[in-house]
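Chemist: Below are the structure tokens for one structure; questions will follow.
The values are calculated or read from the model by the stated rules, or taken from the named source; none is laboratory data. In this text, all values refer to a predicted model and were calculated from it rather than measured experimentally. Methodologically, a virtual Cβ is constructed for each residue, glycine included, from the backbone with ideal geometry; neighbour enumeration extends over all protein chains shown.
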Ligand code: CUA
């Protein structure tokens, strides 16, 4: 097959190649062909080992990997042409097709030797079938490429039709959704690219029955490819961050006509204050097609304001100077829900409040209704303050147990037992202290430091009086 049979008298074979498959494969081939002969084979992978063994071991036959660029070709070419020692040198090239091309002194033409020395691509030596192979692999690329295109379109269509995103109900949602649809397209493309080439290779290039050929071609490094697969993703990432910053700027565009809303988050409620109107509400009412300027703050831990239909999201942070703002221009009349998007304690999952988007006329009606409701009776107002300031999240008004003591029947108790064992009378003074300085008189059976101690700052004296009036009615 390869002419190794004629190499009578060879006792020591040295195979040099940086490709371990080359060495092992050739060794096995020679052992098959030379069955019954006495000889030794050594396989080495580096130039230094090769040179060392040339000196110390004195092989009769040196087989060099024709395609190994790490060999010192000049040095071997000298050995090769001079042939002044009793040593045969062979160049062996393993072709991708599985055939083996052997050059020894007799068949190597001077121009082929030149080629090898000049490190040029061994194209001139390839088997005549290489042209056919080229078009064969182009065919595979064309087929796989077409499948990638089709699968990309199908995946993108699927991603767009299953409605991953909720309703789009704000101006700020538009640039964000444009980014999403671009991302869906990219996701569809890369998914298809990877899955198709992987699946295609697994199916088309699988090992068929009776196919004895072993490993595939040995490919070591490709600078061009590495540059390409570094530059392209960097370019994509930079371009996406550019688009992202444009979209961010668009969501923050200021409208001087905006409705001002102060959003107060607490464990576990939302409160919405309209400083322009002096109204406080536990439902966020917004006029359609008009920007709302939300200023967010928290009474306790970090919460996060998020109405999925509006897309934009912002944290509410505790602390005087840590107010955050968010701009939302609703485009759709309807009912939505604000959720808390930051894990903030045991009832985080239930920290929801209604968001009602109405026409400008309905918004004004609602405002005047709210202003009327504030009027009249202190206890009614107190009920409202208790509701909108989160008191009722912890204190029930019907006697049922809560985080804090129930308000029902609280006022007028004469032997209210505190954690320190003392008994007090529940009068107005007691209630006022309980509101503004809750840790001064912790009730027996309830932990200290649970109720926020900042209600003095949050509520006006009038509001505190109203709440006390309200508690007095719950007898
Ligand atoms: Cu507030 Cu989660």
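Chemist: Name the one entry in 453, 440 that is in a helix (DSSP H, G or I) and either touching a residue at least 60 places away in the same chain (Cβ under 8 Å) or assigned by TED's automatic domain parsing to the domain that holds residue 383 (or both).
Modeler: Being in a helix (DSSP H, G or I) and either touching a residue at least 60 places away in the same chain (Cβ under 8 Å) or assigned by TED's automatic domain parsing to the domain that holds residue 383 (or both) holds for just one of 453, 440, which is 440.
Chemist: Now for a different question. Any residue at all in region 413-432 that's surrounded by 12 or more Cβ atoms within 10 Å (Cβ to Cβ) and under 30 Å from residue 354 (Cα atoms)?
Modeler: Checked region 413-432: no residue is surrounded by 12 or more Cβ atoms within 10 Å (Cβ to Cβ) and under 30 Å from residue 354 (Cα atoms).
Chemist: When region 302-316 is examined, which residues are found to be within 11 Å of the ligand (Cβ to nearest atom) and closer than 17 Å to residue 169 by Cα? It would help to see each step written out before you state the result.
Modeler: Filtering region 302-316 for residues within 11 Å of the ligand (Cβ to nearest atom) gives 302-306, 315-316.
Residues satisfying the conditions are 305, 306.
Chemist: Only one of these conditions is not met by residue 30: (1) in contact (Cβ under 8 Å) with a residue 24 or more places away in the chain; (2) in a loop (DSSP other than H, G, I, E, B). Which number is it?
Modeler: So the condition that residue 30 fails would be (2).
Chemist: For region 317-399, which strands (runs of 3 or more DSSP E) that fit wholly inside it have 3 or more residues that are within 16 Å of the ligand (Cβ to nearest atom), modelled with pLDDT under 85 and farther than 19 Å from residue 293 by Cβ? Working first, answer last.
Modeler: On the way: elements: 324-328, 334-340, 352-358.
Ranges flagged: none.
Chemist: If you don't mind, there's one more thing I want to ask. Tell me the residue from 294, 299, 284 that is within 16 Å of the ligand (Cβ to nearest atom), outside the structural domain of residue 404 (by TED's automatic domain parsing), without any contact (Cβ under 8 Å) to a residue 40 or more places away in the chain and at negative phi, please. Give the steps one after another, and end with the answer.
Modeler: Details: 299 fails: without any contact (Cβ under 8 Å) to a residue 40 or more places away in the chain; 284 fails: without any contact (Cβ under 8 Å) to a residue 40 or more places away in the chain.
The conditions single out 294.
Chemist: Report yes if residue 379 is farther than 24 Å from residue 444 by Cα and touching a helix residue (DSSP H, G or I) at 6+ places or on another chain (Cβ under 6 Å), otherwise no. Don't jump to the end; show me each part of the working.
Modeler: Numbers: farther than 24 Å from residue 444 by Cα: yes; touching a helix residue (DSSP H, G or I) at 6+ places or on another chain (Cβ under 6 Å): yes.
For residue 379, the condition - farther than 24 Å from residue 444 by Cα and touching a helix residue (DSSP H, G or I) at 6+ places or on another chain (Cβ under 6 Å) - is met.
Chemist: Which residues, counting only those in region 249-279, are within 16 Å of the ligand (Cβ to nearest atom) and either modelled with pLDDT of 90 or more or part of a strand (DSSP E or B) (or both)? It would help to see each step written out before you state the result.
Modeler: Here is the first cut: in region 249-279, the ones within 16 Å of the ligand (Cβ to nearest atom) are 263-272.
Matches in region 249-279: 263, 264, 265, 266, 269, 270, 271, 272.
Chemist: For the structure I just gave you, tell me whether residue 298 is under 31 Å from the mean Cα position of the chain (by Cα) and modelled with pLDDT of 95 or more.
Modeler: Working: under 31 Å from the mean Cα position of the chain (by Cα): yes; modelled with pLDDT of 95 or more: no.
It is false that residue 298 is under 31 Å from the mean Cα position of the chain (by Cα) and modelled with pLDDT of 95 or more.
Chemist: Can we say residue 27 is closer than 17 Å to residue 94 by Cβ, surrounded by fewer than 17 Cβ atoms within 10 Å (Cβ to Cβ), assigned by TED's automatic domain parsing to the domain that holds residue 108 and at pLDDT 85 or above? Give the steps one after another, and end with the answer.
Modeler: Numbers: closer than 17 Å to residue 94 by Cβ: yes; surrounded by fewer than 17 Cβ atoms within 10 Å (Cβ to Cβ): yes; assigned by TED's automatic domain parsing to the domain that holds residue 108: yes; at pLDDT 85 or above: yes.
Criteria met by residue 27.
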